[in-house]
Amino acid sequence: MQPIVHLSVGYLCYAAYTRWRRGERPSGVPVLVVLVGAGLPDLLDKPLAAAGIVDVGRTVGHSLFTAAIVMTIVWLIATRCDRRPLAMAFVIGYTSHIAADVPWHVLSGDIDELGFLLWPVTEMPAYTGVKPLGTVGGVEVTTLWLEAVIFVAGIGLWWRDGKPGLETLKNAVVD
(Lines give C-alpha, C1' and ligand atoms only; values in the text may rest on other atoms or scores of the structure.)
Protein backbone atom coordinates (compact mmCIF):
# COMPACT_ATOMS: atom_id res chain seq x y z
CA MET A 1 0.00 0.00 0.00
CA GLN A 2 1.22 3.46 -0.84
CA PRO A 3 2.36 5.43 2.26
CA ILE A 4 -0.19 8.23 1.79
CA VAL A 5 -3.05 5.71 1.67
CA HIS A 6 -2.06 4.45 5.12
CA LEU A 7 -2.92 7.87 6.50
CA SER A 8 -6.42 7.57 5.04
CA VAL A 9 -6.82 4.07 6.45
CA GLY A 10 -5.69 5.29 9.87
CA TYR A 11 -8.16 8.16 9.75
CA LEU A 12 -11.03 5.92 8.62
CA CYS A 13 -10.31 3.46 11.44
CA TYR A 14 -10.04 6.19 14.05
CA ALA A 15 -13.19 7.92 12.80
CA ALA A 16 -15.07 4.63 13.12
CA TYR A 17 -13.67 4.15 16.63
CA THR A 18 -14.60 7.64 17.87
CA ARG A 19 -18.11 7.35 16.46
CA TRP A 20 -18.58 3.88 17.96
CA ARG A 21 -16.93 4.54 21.31
CA ARG A 22 -17.90 8.16 22.00
CA GLY A 23 -20.56 8.95 19.43
CA GLU A 24 -18.57 11.88 18.05
CA ARG A 25 -16.30 12.88 15.21
CA PRO A 26 -12.51 12.77 15.56
CA SER A 27 -10.84 15.98 16.67
CA GLY A 28 -7.57 17.89 16.80
CA VAL A 29 -4.51 16.40 18.40
CA PRO A 30 -5.72 12.77 18.42
CA VAL A 31 -6.12 12.92 14.63
CA LEU A 32 -2.52 14.08 14.27
CA VAL A 33 -1.41 11.26 16.59
CA VAL A 34 -3.33 8.74 14.47
CA LEU A 35 -1.54 9.99 11.38
CA VAL A 36 1.85 9.66 13.09
CA GLY A 37 1.00 6.10 14.11
CA ALA A 38 -0.32 5.24 10.64
CA GLY A 39 2.78 6.62 8.95
CA LEU A 40 5.44 5.41 11.37
CA PRO A 41 6.14 1.94 9.90
CA ASP A 42 6.99 3.49 6.52
CA LEU A 43 8.86 6.37 8.14
CA LEU A 44 11.08 3.76 9.81
CA ASP A 45 11.46 1.26 6.98
CA LYS A 46 11.57 3.23 3.74
CA PRO A 47 14.67 5.29 4.69
CA LEU A 48 16.42 2.14 5.95
CA ALA A 49 15.78 0.44 2.61
CA ALA A 50 16.80 3.54 0.64
CA ALA A 51 20.07 3.68 2.60
CA GLY A 52 20.72 -0.01 1.89
CA ILE A 53 20.62 -0.97 5.58
CA VAL A 54 17.81 -3.46 4.90
CA ASP A 55 16.91 -5.11 1.59
CA VAL A 56 13.19 -4.36 1.63
CA GLY A 57 11.06 -1.42 2.76
CA ARG A 58 9.04 -3.60 5.12
CA THR A 59 11.12 -4.91 7.98
CA VAL A 60 11.72 -3.20 11.31
CA GLY A 61 8.69 -0.89 11.43
CA HIS A 62 6.30 -3.45 9.91
CA SER A 63 7.28 -6.29 12.24
CA LEU A 64 4.72 -7.30 14.85
CA PHE A 65 7.60 -7.50 17.32
CA THR A 66 8.49 -3.84 16.81
CA ALA A 67 4.83 -2.85 16.75
CA ALA A 68 4.24 -4.52 20.11
CA ILE A 69 7.26 -2.83 21.68
CA VAL A 70 6.51 0.64 20.28
CA MET A 71 2.81 0.50 21.15
CA THR A 72 3.56 -0.73 24.67
CA ILE A 73 6.04 2.10 25.26
CA VAL A 74 3.59 4.68 23.92
CA TRP A 75 0.79 3.22 26.06
CA LEU A 76 2.93 3.24 29.23
CA ILE A 77 4.09 6.83 28.68
CA ALA A 78 0.58 8.02 27.85
CA THR A 79 -0.85 6.27 30.91
CA ARG A 80 1.77 7.89 33.12
CA CYS A 81 0.92 11.31 31.63
CA ASP A 82 -2.84 10.68 31.82
CA ARG A 83 -3.15 10.74 28.01
CA ARG A 84 -4.63 7.33 27.24
CA PRO A 85 -6.90 8.69 24.48
CA LEU A 86 -3.77 9.76 22.61
CA ALA A 87 -2.21 6.34 23.14
CA MET A 88 -5.36 4.75 21.74
CA ALA A 89 -5.16 7.03 18.70
CA PHE A 90 -1.53 6.01 18.13
CA VAL A 91 -2.31 2.30 18.55
CA ILE A 92 -5.20 2.53 16.09
CA GLY A 93 -2.97 4.30 13.57
CA TYR A 94 -0.04 1.89 13.87
CA THR A 95 -2.25 -1.20 13.90
CA SER A 96 -4.20 0.04 10.88
CA HIS A 97 -0.96 0.36 8.92
CA ILE A 98 0.16 -3.20 9.59
CA ALA A 99 -3.33 -4.62 9.02
CA ALA A 100 -3.79 -2.70 5.76
CA ASP A 101 -0.62 -4.19 4.28
CA VAL A 102 -1.90 -7.75 4.68
CA PRO A 103 -4.93 -8.05 2.34
CA TRP A 104 -3.07 -7.21 -0.87
CA HIS A 105 -0.75 -10.17 -0.40
CA VAL A 106 -3.61 -12.50 0.47
CA LEU A 107 -5.78 -11.38 -2.47
CA SER A 108 -2.93 -11.74 -4.94
CA GLY A 109 -1.72 -15.06 -3.53
CA ASP A 110 1.72 -13.69 -2.55
CA ILE A 111 1.48 -15.12 0.95
CA ASP A 112 5.27 -15.46 1.25
CA GLU A 113 5.52 -11.65 1.24
CA LEU A 114 3.78 -11.61 4.63
CA GLY A 115 7.19 -12.42 6.12
CA PHE A 116 7.39 -8.80 7.24
CA LEU A 117 4.92 -9.58 10.04
CA LEU A 118 7.44 -11.72 11.93
CA TRP A 119 10.67 -10.11 10.74
CA PRO A 120 13.51 -10.85 11.66
CA VAL A 121 12.39 -14.38 12.58
CA THR A 122 11.06 -14.90 9.06
CA GLU A 123 12.71 -13.73 5.89
CA MET A 124 11.21 -10.91 3.93
CA PRO A 125 11.40 -11.69 0.21
CA ALA A 126 11.60 -8.91 -2.32
CA TYR A 127 8.36 -6.97 -2.47
CA THR A 128 6.72 -7.32 -5.88
CA GLY A 129 4.82 -4.02 -5.66
CA VAL A 130 1.42 -3.38 -7.21
CA LYS A 131 -0.67 -6.54 -7.28
CA PRO A 132 -2.98 -7.53 -10.12
CA LEU A 133 -6.41 -8.52 -8.80
CA GLY A 134 -8.18 -9.51 -12.00
CA THR A 135 -9.76 -8.15 -15.12
CA VAL A 136 -13.01 -6.24 -15.41
CA GLY A 137 -14.32 -5.51 -18.89
CA GLY A 138 -10.91 -6.22 -20.40
CA VAL A 139 -9.16 -3.80 -18.02
CA GLU A 140 -6.67 -5.12 -15.47
CA VAL A 141 -7.67 -4.16 -11.94
CA THR A 142 -4.78 -3.72 -9.52
CA THR A 143 -4.38 -2.90 -5.87
CA LEU A 144 -3.76 0.72 -6.88
CA TRP A 145 -7.42 0.98 -7.90
CA LEU A 146 -8.55 -0.09 -4.46
CA GLU A 147 -5.99 2.17 -2.83
CA ALA A 148 -7.34 5.13 -4.80
CA VAL A 149 -10.85 4.39 -3.54
CA ILE A 150 -9.62 4.09 0.05
CA PHE A 151 -7.62 7.31 -0.24
CA VAL A 152 -10.58 9.27 -1.63
CA ALA A 153 -12.90 7.82 1.04
CA GLY A 154 -10.49 8.86 3.80
CA ILE A 155 -10.04 12.37 2.46
CA GLY A 156 -13.79 12.68 1.88
CA LEU A 157 -14.67 11.66 5.43
CA TRP A 158 -11.93 13.88 6.89
CA TRP A 159 -13.31 16.82 4.89
CA ARG A 160 -16.89 16.02 5.94
CA ASP A 161 -15.75 15.81 9.57
CA GLY A 162 -14.49 19.40 9.34
CA LYS A 163 -10.81 18.64 8.57
CA PRO A 164 -9.90 17.77 12.17
CA GLY A 165 -6.29 18.32 13.10
CA LEU A 166 -5.69 20.94 10.44
CA GLU A 167 -6.40 23.89 12.71
CA THR A 168 -4.31 22.31 15.47
CA LEU A 169 -1.43 21.90 13.05
CA LYS A 170 -1.77 25.47 11.76
CA ASN A 171 -1.74 26.82 15.33
CA ALA A 172 1.33 24.76 16.20
CA VAL A 173 3.23 26.04 13.18
CA VAL A 174 2.26 29.69 13.74
CA ASP A 175 3.02 29.68 17.47
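The values are calculated or read from the model by the stated rules, or taken from the named source; none is laboratory data. Being a predicted model, the structure only gives us computed values, none of them experimental. Cβ atoms come from the backbone with ideal geometry, glycine included; neighbour counts cover every protein chain shown. The area values use the complete protein model at the heavy-atom level, side chains included, leaving out ligands, DNA and RNA. Shrake-Rupley method; radii C 1.70, N 1.55, O 1.52, S 1.80 Å.
So what's the back-of-envelope 222 nm ellipticity for the chain, counting only DSSP H runs of four-plus at -39500 (n - 2.57) apiece and dividing by all residues, rounded to 500?
Numbers: 6 runs with 112 residues, N = 175.
Only helices count here, giving -22000 deg cm²/dmol.
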Query raised in the report: Share of region 21-175's accessible area from carbon and sulfur, percent, 1.4 Å?
Result: 67 percent
Query raised in the report: Fully extended, how many nm does the chain gain between Leu169 and Leu157 (0.36 nm per residue separation, minus their Cα-Cα distance)?
Result: 2.5 nm
**Report entry** Computed accessible area, Phe65, all protein chains, 1.4 angstrom probe, square angstrom
**Finding:** 100 Å²
Query raised in the report: Quick one: Cα centre-to-centre distance for region 65-139 and region 18-33, in angstrom?
Result: 21 Å
**Report entry** Listed peptides 126-133, 145-152, 28-35 by packing density, highest first (mean Cβ within 10 Å)
**Finding:** 28-35, 145-152, 126-133
Report summary line: A chain fully extended from Gln2 to Val139 at 0.36 nm per residue, minus the present Cα-Cα distance, gains in nm 47.2 nm
Requested in this report: Report the residues of region 1-17 in range of a label on Thr95: point 7 Å along Cα→C-beta, backbone N strictly under 20 Å from it.
Outcome: 6-17
Query raised in the report: Can you give the angle from 0 to 90° between the axis of helix 3-22 and the longest principal axis of the chain, with both taken from C-alpha atoms, to the nearest 10?
Result: 50 degrees
Requested in this report: Using only the alpha carbons of the chain, determine the length spanned along each of the three principal axes and report them from longest to shortest in whole angstroms.
Outcome: 46, 41, 32
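Please work out the average accessible area per residue across region 1-42, using the 1.4 Å probe convention, and give it in Å².
Details: 1860 Å² over 42 residues.
Value returned for region 1-42: 44 Å² of accessible area per residue.
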Query raised in the report: In the Gaussian network model of the chain, springs joining C-alpha atoms below 10 Å, which of Leu40, Leu76, Leu117 carries the largest mean-square fluctuation?
Result: Leu76
Query - Solvent-accessible heavy-atom area per residue, rounded to whole Å², over region 95-175 at 1.4 Å - result: 60 Å²
Report summary line: Amide H contacts under 5 Å for Val141, restricted to residues at least 5 apart in sequence or on another chain and with H modeled in the peptide plane, are Leu133, Gly134, Thr135, Val136
